[in-house]
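Asks: Take this structure first; my questions come after.
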Amino acid sequence: MRKLLLFLPLFFIGCTISQKITYKTDDLAADKSVTPIPVVVDVRIFTDNRDSFEANSVLFSNPHQMRLDGKQMCINSEKHYKKDTVVNQFSRILVDHFNKARLFEMSLYDQSRFSDYYMTGTLNSFYAQQEYSTGAAVGASFGLVGALATSGIKTPGKIIIDVSDLKLFRKDGTLVKDFGSFYKEYVDEFKVDAYCWCAFWNANLMLKDFNTFLIEKIRNDMEGVALE
């Protein structure tokens with residue numbers, strides 16, 4: 001019976017379901033007392049450097065459910081970011097978060113003609129892995145759906161997000177501020193689903209946390225920086 005359960009989701013591995021890098025931003029609106037940095041910033045699409053790191057290679061060559069280190073794992077496989085590239089989506093949600101948090105007067109997504117400043121960065125890792133839950137599969141096999149099938153179930157996982165070379169420039173190319181690198185590794189028990197899409201969803205949730213702290217770093221680093 002156990003072997004059968006392990007392969008229940010395999011019917012879904014070949015599906016063309018496309019995942020998105022996104023999260024709700026409605027709860028991120030900053031208090032009106034927050035003073036934005038008084039510039040309009042064009043956030044350029046990040047450079048994708050993920051394939052330079054061996055640890056990321058599993059994402060580019062495997063389906064979203066696979067055997068890893070002797071265990072069935074869910075991963076945020078590249079195969080399911082089909083409608084847009086990872087760096088495009090990563091950069092776009094960062095702009096949305098910047099605007100909700102009122103980091104700058106306005107942040108734009110890859111629209112340099114409307115701004116006097118621009119920001120660049122490199123994405124080194126957007127990696128999620130999580131143990132597959134046979135319990136969730138059991139619930140689904142008995143006809144339970146959604147929250148009923150996965151109620152209270154969590155499995156160990158790891159999510160790594162890493163950006164570097166985060167820099168702010170004036171439109172003429174003059175460097176205003178080099179923010180350096182920002183890295184976070186989340187090791188925890190994460191919620192599951194019956195079909196192993198949880199790695200994508202949990203990566204998005206941790207990205208929301210990552211970007212929240214990244215914004216505070218930028219805000220703090222910009223204190224005292226001269227702007228024209």
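Asks: The list (1) 44; (2) 41; (3) 48 gives values of percent of Cα pairs over 24 Å apart, and only one came from this structure; which label was calculated from it?
Replies: (3)
Asks: Still on this structure, I have one more. Just for region 37-222, what percent of DSSP beta bridges are antiparallel, to the closest 5? Please report the intermediate quantities before stating the final value.
Replies: On the way: 33 of 43 bridges.
Once the DSSP bridges in region 37-222 are tallied, antiparallel ones form about 75 percent.
Asks: May I pose another question? Under 10 Å from the Cβ of T22, count the other residues' Cβ atoms, weight Lys and Arg +1, Asp and Glu -1, and hand me the total.
Replies: Value of the local net charge: +3.
Asks: Ok, one more. Please report the net charge: other residues with Cβ closer than 12 Å to the Cβ of N76, K and R +1, D and E -1.
Replies: In short, +3.
Asks: Apply the Karplus curve 6.51 cos²θ - 1.76 cosθ + 1.60, θ = phi - 60°, to the phi angles in region 168-179 and return the couplings in whole Hz, x for Gly and Pro.
Replies: Each residue of region 168-179 in turn: 10, 10, 6, 4, 7, x, 6, 6, 9, 7, 9, 8 Hz.
Asks: First measure r as the distance between the Cβ atoms of L175 and D110, then evaluate 1/(1 + (r/R0)^6) with R0 = 25 Å and state the FRET efficiency to the nearest 0.05.
Replies: Rounded to the nearest 0.05, the efficiency is 0.80.
Asks: A further question on this structure: Say R0 is 35 Å: what FRET efficiency, to the nearest 0.05, do D188 and K32 get from their beta-carbon distance?
Replies: 0.55
Asks: Here is a follow-up. Go through 99-106, 181-188, 35-42 and give me the packing order, highest mean Cβ count within 10 Å leading. Write down the numbers at each step before the final one.
Replies: Details: 99-106: 19.6, 181-188: 13.6, 35-42: 16.2.
My ranking of the peptides, most packed first, is 99-106, 35-42, 181-188.
Asks: A follow-up question, please. Using amide H atoms built in the peptide plane, which far-off residues or other-chain residues are under 5 Å from L108 H to H?
Replies: When sequence neighbours closer than 5 places are left aside, the close amide H contacts are V41, D42, V43.
Asks: About the Cα centre of the chain, how large is the charge dipole given +1 on each Lys and Arg Cβ and -1 on each Asp and Glu Cβ? Please answer in debye to the nearest 20.
Replies: Magnitude of the dipole: close to 720 debye.
Asks: Could you calculate the contour length gain from S61 to V225, that is, 0.36 nm times the residue separation minus the distance between their Cα atoms, to one decimal place in nm?
Replies: In short, 54.7 nm is gained.
Asks: How large is Rg over Rh for region 56-137, taking Rg from the Cα atoms and Rh as the Kirkwood inverse mean of 1/r across Cα pairs?
Replies: 1.13
Taken together, the values in this text are just the output of simple stated rules run on the coordinates, not laboratory data. Computed from a predicted structure; not experimentally measured. Cβ: placed from backbone, ideal geometry, glycine included. Neighbour counts: every protein chain shown.
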